[in-house]
1. Quick test for you: out of B:334, B:345, B:323, pick the one residue that is more than 11 Å from ligand 1 (Cβ to nearest atom), open to solvent by 40 Å² or more (accessible area, probe 1.4 Å), more than 30 Å from residue A:43 (Cα to Cα) and within 14 Å of another protein chain (Cβ to nearest Cβ).
2. Scan the helices (runs of 4 or more DSSP H) fully inside the range B:311-429 and keep the ones with 2 or more residues being in the same structural domain as residue B:254 (by TED's automatic domain parsing) and under 21 Å from the mean Cα position of the chain (by Cα).
3. Check residue B:270 against each of (1) at pLDDT 95 or above; (2) open to solvent by less than 10 Å² (accessible area, probe 1.4 Å) and name the one condition it does not meet.
4. Would you please list the contacts, defined by Cβ atoms under 8 Å and residues six or more apart or on different chains, that run from a residue in the range B:297-317 that is farther than 14 Å from residue B:287 by Cβ to a residue that is aromatic (Phe, Trp, Tyr) and within 16 Å of ligand 2 (Cβ to nearest atom)?
5. Name the residue that is nearest to the other protein chains (Cβ to nearest Cβ), counting only residues in the range A:15-32 that are part of a loop (DSSP other than H, G, I, E, B), modelled with pLDDT of 90 or more and open to solvent by less than 70 Å² (accessible area, probe 1.4 Å).
6. Does residue B:412 qualify as being farther than 24 Å from residue B:58 by Cα and open to solvent by less than 10 Å² (accessible area, probe 1.4 Å)?
7. Report whether or not residue B:133 is under 26 Å from residue B:293 (Cα atoms) and surrounded by fewer than 16 Cβ atoms within 10 Å (Cβ to Cβ).
8. Which pairs do you get when a residue that is at the interface with another protein chain (Cβ under 9 Å from one of its Cβ atoms) and within 16 Å of ligand 2 (Cβ to nearest atom), found in the range B:251-272, comes within reach of a residue that is open to solvent by 30 Å² or more (accessible area, probe 1.4 Å) and among the aliphatic types (A, V, I, L, M), reach meaning Cβ atoms under 6 angstrom, with the pair 6+ apart or on two chains?
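The values are calculated or read from the model by the stated rules, or taken from the named source; none is laboratory data. Just so we're clear, the structure is a prediction, and the values are computed from it rather than from any experiment. Note that we place each Cβ from the backbone using ideal geometry, even for glycine, and neighbour counts take in every protein chain shown. The protein model used for the area step is the full one, side chains on, heavy atoms only, and it has no ligands, DNA or RNA in it. Shrake-Rupley method; radii C 1.70, N 1.55, O 1.52, S 1.80 Å.
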Amino acid sequence: MILLPCPWCGPRNVAEFGYVGEAGPRPDPASAGPEEWRGYLYGRANPCGWVAESWYHRMGCRRYISVERHTLSNEVRPLATEGAGR
Amino acid sequence: MPTRPRPRRYPARYSAFSLLRHGLAGDHLVPAWRDRELKNSYDVVIIGGGVHGLATAYYLAANHGITDVAVLDKGYVGSGGSGRNTAILRSNYLTPEGVRFYDRSVRLYERLAADLNYNVMFSQRGHLTLAHNDSSLRTMRWRAEVNKLEGVDSEVVGPAEIKKLVPYLDVSAAVRYPILGALYHPPGGIIRHDAVVWGYARGASGYGVHIHQNTEVTGIDVAGGPNGRRVRGVRTDRGDIAASTVINCTAGWSTLVAEMAGVRLPIQTFPLQAAVTEPVRPFLDAVVVSGSLHVYVSQTDRGELVFGASVDPFAGYSMRGSLEFVEGLAGHVLELMPSLAKVRLLRQWAGLCDMTPDFSPIMGRTPVDGFLVDVGWGTYGFKAGPVSGEAMADCVATGRTPDIIAPFGVERFAEGRLLGEKGAAAVGH
Ligand SMILES: Cc1cc2nc3c(=O)[nH]c(=O)nc-3n(C[C@H](O)[C@H](O)[C@H](O)COP(=O)(O)OP(=O)(O)OC[C@H]3O[C@@H](n4cnc5c(N)ncnc54)[C@H](O)[C@@H]3O)c2cc1C
Ligand SMILES: [Zn+2]
């Protein structure tokens, strides 16, 4: 079973969460060009390894959480760097 | 269509006579294709020994006489999605581009056994996509009309007709998802996926194409600067290989390989699972798909029931099966066919799917000269193997992008021309 560490509810089964995925900051609509929007919409690193990503605890506290997950082994650890993800 | 050069030397031509002769003599059949030395240079290097890579190699040789070609796979041929899929073939898509494309593939599949001298066991038993609500019924009418316009056999049928085609289906109104109708596609069916892969490998090898298994591409050499970049070759765990054309056919791993050439693809990799039961007597003719219930089922020639569903709920490269998957699957299958309650599941497995934002592939040239892609096959790309191989071979041989794959270029994302192929199905097949 894959457990995600929810800061508010503790470790919970992944099935309780909605997957949001790799998340980055939304470009500023006032200044972003098409290239930047395209990257934001469709660009994903899709690494085979550790990735910072967001999940929505829909069957729990209904808050968004950020974790790091290894996409091959599905190991999960708390986000190393503050501010990455969302 | 150019006249096809005869394969130089098949290891052996298969026929009833040769089977009898070898059977009586008690000797073993020679290997289907031969192992060759890895050279340090080829005209064309194809990364990925699935149906797409091998079909491309085969049509390069068979249709264009380009035989200085190597297919490299980090595992064995068919170790990716091509050996893990549920082998459903059909062409009843939604967009005219999609219908034309997949129809060409089905037509190539229809004559593939003869072309390859290899029994690929294509069984055109009919394909039913069930509608459980008004909106899906409406989409099916739309699909049926687009299909007919493109000359593809496809029609909407009602519950009475469905019951005739699939007697064991619960078409009563008293269920959670009543069956209102279905899109019926008689030419759809299933095929033996391993045979397709092996047949293409054997066919390509017969023309002199090299197939190197256990050969992992670890880097791609690209030369040039601001005025254009050009591919020079690939690096592998068995040495460097020079090549002026490199084709990425690595499906679930395609972003990792493209990244080696500095090309970013709008693709995310998701696992997709499937499962199979113990064999039972033949009772199910057609392939039955339910989008609302997220399942589909077919019965193999051996009698096993093959079940598929939607991709796993989160991205990744893990090919481990999950309990959530079989639980959900079993519940939904029983909703459709309650009489299967006592049938036991034998095994489940997973493969990787390269999902694009618009459920359509990414094919053709990239910003790096000589580096081509045939990826983004998601949960539905096995059926596209022949037409993709044919078109990619054309693209390499002529240097022009064939019309049939023109809509699938990577530039569509930058230009905001997404295709929206909803006929690709919410459940993977
Ligand atoms: C469970 C399941 C059910 C499916 N059902 C259907 C269906 O019913 N109908 C349908 O049409 N499609 C179906 N699909 C989708 C279909 O299987 C794929 O779209 C198709 O097989 C992709 O073929 P391919 O040749 O592009 O890639 P693959 O067959 O995945 O081959 C890619 C190959 O690349 C190799 N590779 C990767 N990285 C490297 C590297 N660095 N160096 C060398 N080699 C590398 C891999 O080892 C692999 O063999 C299903 C998929 C799954 C997982
Ligand atoms: Zn929580």
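1. Numbers: B:334 fails: within 14 Å of another protein chain (Cβ to nearest Cβ); B:345 fails: within 14 Å of another protein chain (Cβ to nearest Cβ).
The conditions single out B:323.
2. Values: elements: B:323-336, B:385-398, B:412-415.
Counting at least 2 such residues, we get B:385-398.
3. Going through the list (1) at pLDDT 95 or above; (2) open to solvent by less than 10 Å² (accessible area, probe 1.4 Å), residue B:270 breaks only (2).
4. From residues that are farther than 14 Å from residue B:287 by Cβ, the pairs are B:313/A:19; B:314/A:19; B:315/A:19.
5. Among those that are part of a loop (DSSP other than H, G, I, E, B), modelled with pLDDT of 90 or more and open to solvent by less than 70 Å² (accessible area, probe 1.4 Å), it is A:17.
6. Values: farther than 24 Å from residue B:58 by Cα: yes; open to solvent by less than 10 Å² (accessible area, probe 1.4 Å): yes.
Here the answer is yes, as residue B:412 does meet what is asked.
7. Details: under 26 Å from residue B:293 (Cα atoms): yes; surrounded by fewer than 16 Cβ atoms within 10 Å (Cβ to Cβ): yes.
It is true that residue B:133 is under 26 Å from residue B:293 (Cα atoms) and surrounded by fewer than 16 Cβ atoms within 10 Å (Cβ to Cβ).
8. Short answer, once both residue conditions are applied: none.
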